[in-house]
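For reference, the structure is listed below as structure tokens.
A short reminder: the numbers here are calculations on the coordinates, not readings from a lab. Keep in mind the model is a prediction, meaning the values are calculated, not measured. Glycine gets a Cβ as well: all are built from the backbone with ideal geometry, and neighbour counts include every protein chain shown.
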């Protein structure tokens with residue numbers, strides 16, 4: 001009994017009982033709660049756009065592949081790199097049912113749903129200048145990029 005009085009003076013017993021009552025009320029409220037399904041994001045029909053220069057270069061590269069199957073440029077975002085994410089671009093002939101497929105003047109571009117969220121509003125451009133040729137993605141969702149230009153967060 002002396003231990004109970006000592007703990008009660010410190011307020012520990014009252015705190016334990018108050019905590020137990022709060023948990024009991026929370027469990028009771030949760031058992032009466034109904035569930036609702038919420039869609040957190042929608043399928044973006046235009047996750048990325050291509051400039052005329054990028055369309056021309058991609059069409060040229062696909063033609064150079066010389067294959068009979070339909071090829072599309074797959075633009076993806078993968079974890080990694082200096083800043084957290086890397087862009088990945090390659091030709092693909094297989095599409096998943098949830099892929100977003102967009103045509104740009106007979107050039108197909110494919111983006112998976114998780115990459116689409118990170119690419120929304122982005123533009124793919126191609127530049128052939130004195131400093132070198134290559135594709136460049138301008139992404140308004142990127143808060144930070146590294147010096148290589150391939151990594152962002």
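Go ahead and run the numbers for FRET between residue 127 and residue 46, Cβ-Cβ distance against an R0 of 22 Å, rounding to 0.05. Efficiency, rounded to the nearest 0.05: 0.50.
Once you divide the Cα radius of gyration of the stretch 48-152 by 2.2 N^0.38 Å, the number left is 1.06. Note on residue 95/residue 120: beta-carbon distance plugged into 1/(1 + (r/R0)^6) with R0 of 30 Å gives a FRET efficiency of 0.95.
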